[in-house]
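Right, one structure below, let's go through it.
Derivation of every value follows stated rules applied to the coordinates shown; laboratory data play no part. All values reported here derive from a predicted model rather than from experimental measurement. Glycine gets a Cβ as well: all are built from the backbone with ideal geometry, and neighbour counts include every protein chain shown.
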Amino acid sequence: MRQKLYALAALIPILLFTMGCASVSATAQRSSATKAVQSSSQTDEIGRMSEREKWSLAREAYKNAQKAQERKDNETAAYYYEVALEILGSLDMASIEVPTRRVLSFQRDVLKSYDRFLASIDNLPSSAGPVAVLESSTPVEESSEELPDKSDSDRENKPPVIKPNSPPLPDIPVTMNNQVAGQINFFMNKGRKVMLSWMSRAAVMFPRLRPIIAEEGLPEDILYLAMIESGLNPRAHSYAHASGVWQFIASTGRIYGLNVDKVYDERMHVEASTRAACRYLRNLYEEFDDWYLAMAAYNCGERRIEREIKRFRSRDYWRMNKLPRQTRGYVPAYLAARAICKNPTQYGFPPMPKEIPFECERVLISGPYKLEHVAQAAGHDPSIVADLNPEFVRGVTPSNKTVTVRLPAKATDQFTTRLATLPKTEIKPTQVHRVRSGETLGKIASKYGTTTKAILADPQNKRVKANRLKVGQEIVIPVPGSPEVAAATPNVETGKKEGAKPKVSAPVAAENHEIVYKVHRGESLGQISRQLGVSVEEIIKQNRIADPNVIQPGQKLRIRIGGAGDSTAEAKPDKSEPTQDAVVEAPAPDKNLMTAANDSTPQRHKVQAGETVWSIARTYNQDPMKILSWNGLLRDSTIFPGQELIVNRE
């Protein structure tokens, strides 16, 4: 175990690049390392770590930060504080074999120590991230919530409205007051190294962001908001589990059409995430009719801003002194960064570096290939190709979709031929089950039509113990029909592995597919019945509901629905929650929704495991809002494998 920890500690000096922090080193080794390009191989190394190993590494980084702080080595201390927070942000809280309270308590300790350290130093090291900038440059005032909350519970109960060819939005106003002047003074002095680092990255990133911002009709100056969000780092991760240049959390990213899973995470796709951020910001501006409130809502959530408007009876951002600390500094930091970048010499900075046009070749890849194999087939350096494609978090293209891979230059003429000869690296689509009270691994395996052996054989489940499941623990489920499942599935009659004539089990009847549905605020039995295609009478009967007019938010209903017909598991699915939540909401459905199908024959789609409304909409090149409306789905509605959705009625 001690040798393992030593090996993990040896990785810490390279983690900054993995997690997206630029560092100026205190040692010759780290100084030379900062000149290198971010290493995808190091990212893969972290991705292969277990949650327990990450936890050990975060604690080791924290110890190193404290030791460096005692030595007055501020550069190194800031470096390790950032590393510790980045690793904590990447932890899967449900899978780690450490009590959640202990992890959260440790995270708070790291944040408090880092905050005290930042307050004690005269100059902020360049390795400090945007959170450190906001924390150290914003005075502490009494606030009911010190940390901004971008969680799904703070989202407004309505879907994003995507308007093609929307009119341009007005420019962002220029304000110079004490808060903005204070932020400018901070960047000129204590935060100077950080600002210089951001200005350097802008030369590469601004040419990639600017065309998309223009296409979406947002003011060009929104560029500088990406500085405050991530320091213009596409690999940035926060302790709040946000990722990418625009710091989307997973649920919000999916709402705005980004694919987020353990193989392909578009939050780190610069162009895709920029377009999603523009649409989110447009919706916020159209809601609040004020750029400062829209930016504040982007940081701490719409509901919080709505509460502050009611509290102060004002829509003036500058009066809202009860916002979280980071949000109070968010808009002033943006205005300060914009002022400095537009006229750097006025504030004692060198001119902005000359922008470097982003040029690359793009190839379409279908199937699971390692990025290094794609690079080799194209005749390019694998490390450069990996740096151009941070969204492939496992270094492998997904098996269930065709994706674009960026290359530094044109591929060789033999690219297609070479790629066809290379082996495919199958990483199954993410299908995750969260363990509930009373479940066993056997029940879970039966639910998904697989076996306990196939589940335990998956490398991502190496910490799963069949006899010691934890409530809330996430288990990766092999897709039925995959080689792993086939190899581990015994013949029903003989008990031998498949190869001889297998006895095919009878499909589980659709009426035997029972799920647990969690009631959401404002829902009625009528709405739930329309969503699931089950009569109100059946729901009342199955759950022995005395008064159908009284159901409570959070109440769990057991409901039999169709949709398990393709399963070959002999055991009935256990009474677990559904596997895939749709994180979108639509306007109230048309009352004639269910009968309108008689007017024309709609095109239907049978939901597969792991699909969302957004991924289905992209498959059919359809507006997801229409799919939601046609099927009477709301934001918190759930779609299930086997469920049929109308995807085209036009």
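What to note about this one:
- Of the peptides 188-196, 254-262, 456-464, the ranking by mean beta-carbon count within 10 Å, highest at the top, reads 254-262, 188-196, 456-464.
- Three-way shape label, region 245-292, alpha-carbon gyration tensor, a/c 1.5: prolate
- Extension gain, ARG210 to ARG313: 0.36 nm times the residue separation minus the Cα-Cα distance gives 33.5 nm.
- What the phi angles of region 433-446 give under the Karplus curve with 6.51, -1.76 and 1.60, with θ = phi - 60°, is a coupling list of 10, 9, 5, 10, 4, x, 7, 10, 5, x, 4, 5, 4, 5 Hz, glycine and proline written as x.
- Summarised as an ellipsoid, region 316-375 has semi-axes of 40, 23, 9 Å, derived from the eigenvalues of the Cα gyration tensor scaled by 5 and square-rooted, with the largest first.
- Using a Förster distance of 56 Å, the FRET efficiency for GLU286-LEU422 (Cβ separation, nearest 0.05): 0.70
- ³J(HN,Hα), Karplus 6.51/-1.76/1.60, whole Hz, each residue of region 201-214, x for Gly, Pro: 5, 4, 4, 8, 7, 4, x, 7, 7, 4, x, 6, 4, 5
- Packing, as the average of other Cβ atoms within 10 Å across residues, places the peptides 398-411, 266-279 in the order 266-279, 398-411, highest first.
- ASN178-GLN346 FRET efficiency (beta carbon distance; Förster radius 25 Å; 0.05 resolution): 0.85
- Packing-based ranking, highest mean first, of 414-422, 365-373 given that Cβ atoms within 10 Å are counted: 365-373, 414-422
- Across the cross-link table entries LYS447/LYS470; LYS54/LYS424; LYS193/LYS354; LYS112/LYS310, which are compared at the Cα atoms, the separations over 26 Å belong to LYS54/LYS424; LYS112/LYS310.
- Distance between the pseudo-spin-label points of SER120 and ASP381 (7 Å out from Cα toward the beta carbon): 4.0 nm.
- Rounded, prolate or oblate (a/c below 1.5 giving rounded, otherwise prolate when a/b exceeds b/c) for region 291-404 by Cα gyration tensor: oblate
- Förster radius 51 Å - calculated FRET efficiency between ILE540 and ASN185, Cβ distance, rounded to 0.05: 0.20
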